[in-house]
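Novice: Sharing a structure here in structure tokens format.
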Amino acid sequence: MTELLPARLFAPLALTAIAALGLLLWVLRNGDLCPGQRRRIGDGLLSAWAVFGLALMMGVEAEVPAPLLWLGGLALIAGLGVVLYQARLQGKRSLPLSRHTPALVLAVISGGWVMTMMGPAALLVAGAGGCVFAHLIMVRAKHRLQAFNALLPLVGISSAVGCLLLLLAQALFAHSESQADVSHLIVPFAQMSAAILLGAIIWLLPLLRKEQTRPPVIAVAALLILGALTTGQGIIWQLPVNIS
């Protein structure tokens, strides 16, 4: 089980980082942000690139195709270069968003490659992981776009539940069409469901209580959601090949 962990983590972490990068750059382009918020969110891109780098290291252990790793590596170098250069700017100055475009394009291409390897659940994985991670970075940056404190949890939780239902539908389809034994998937499905439910409750708690959203709360929710997505990756591997 331990030796399978890097392979299980690679796709969820990579898609989470890429989706978070896309969401954050969209917020920087379209959000009504003061220079301080813009700079803090821009600096938070470093966390997303760090997770993407971690995913690439997991990919090395998982023996994913070398061209994919090289493509991801180029995106990582370009992205980190821009963020680290911005960190040298004094005050609340930020680099133009166009500086981030080449790295994001490379990352999105590598993400599309990962999606072809993972199957139809990949888009929902990106939605769930990207929303919770982007929300964590925005909360740490002390953003004031209050609508995102409701929008990101709702979209992220809906994506996570959708991923669970899609995998369940695939398992039931396999059982009905080919009489495949899917009883061994009961425990993983229960684990994934519990992680999503607990993560959703924690993620929505500040919204339901009408309290300020704090980073530790979102961090716990992010760990639970990513744990659920990692379990879902294991379920994908155990589904019959003809429905993956």
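Novice: Would you compute the Debye intensity of segment 49-184 from its alpha-carbon atoms alone, equal scatterers and no solvent, and pass along log10 I(q)/I(0) at q = 0.21 Å⁻¹ to two decimals?
Specialist: Each listed q corresponds, in turn, to -1.33.
Novice: Let me have the relative contact order for the chain, percent, based on Cα pairs under 8 Å that are six or more residues apart.
Specialist: For the chain, the relative contact order is 25 percent.
Novice: Take the alpha carbon gyration tensor of segment 76-135, find the square roots of its eigenvalues, order them as a ≥ b ≥ c, and report rounded if a/c is under 1.5; if not, report prolate when a/b exceeds b/c, else oblate.
Specialist: In terms of gyration-tensor shape, prolate.
Novice: Could you report the accessible area of Leu97 in Å², rounded to 10, computed with a 1.4 Å probe on the protein chains as they sit in the structure?
Specialist: Taking all protein chains as shown, Leu97 has close to 40 Å².
Novice: Looking at segment 100-203, which trypsin sites (Lys or Arg not before Pro) are in a loop (DSSP not H, G, I, E or B) and have at most 14 other Cβ atoms within 10 Å?
Specialist: Lys142, Arg144
Novice: Round to a whole number: what % of the accessible area of the chain belongs to carbon and sulfur, probe 1.4 Å?
Specialist: Roughly 68 percent, rounded to a whole number.
Novice: Can you give the accessible area of Met57 in Å² (nearest 10), computed on protein heavy atoms with a 1.4 Å probe?
Specialist: 120 Å²
Novice: Rounded to the nearest whole Å², what accessible area per residue is found for the chain with the 1.4 Å probe?
Specialist: 50 Å²
Novice: Run the helix sum for the chain: -39,500 (n - 2.57) per DSSP H stretch of 4+ residues, divided by residue count, reported at 222 nm to the nearest 500 deg cm²/dmol.
Specialist: So the helix-based figure for the chain works out to -28000 deg cm²/dmol.
Novice: Can I ask one more? In percent, how large is the relative contact order of segment 84-166, given Cα pairs closer than 8 Å and 6 or more residues apart?
Specialist: Contact order relative to length: 32 percent.
Novice: Okay, moving on. Filter the trypsin sites (Lys or Arg not before Pro) in segment 2-111 to those in DSSP coil with at most 13 other Cβ atoms within 10 Å of their Cβ, and list the result.
Specialist: Arg88, Lys92, Arg93
The values are calculated or read from the model by the stated rules, or taken from the named source; none is laboratory data. Since the structure is predicted, the reported quantities are computational estimates derived from the model, not experimental observations. Quick reminder, even Gly has a Cβ in these numbers, built from the backbone with ideal geometry, and neighbours come from all protein chains shown. The accessibility values were calculated without ligands, DNA or RNA, using every heavy atom of the protein model including side chains. Shrake-Rupley method; radii C 1.70, N 1.55, O 1.52, S 1.80 Å.
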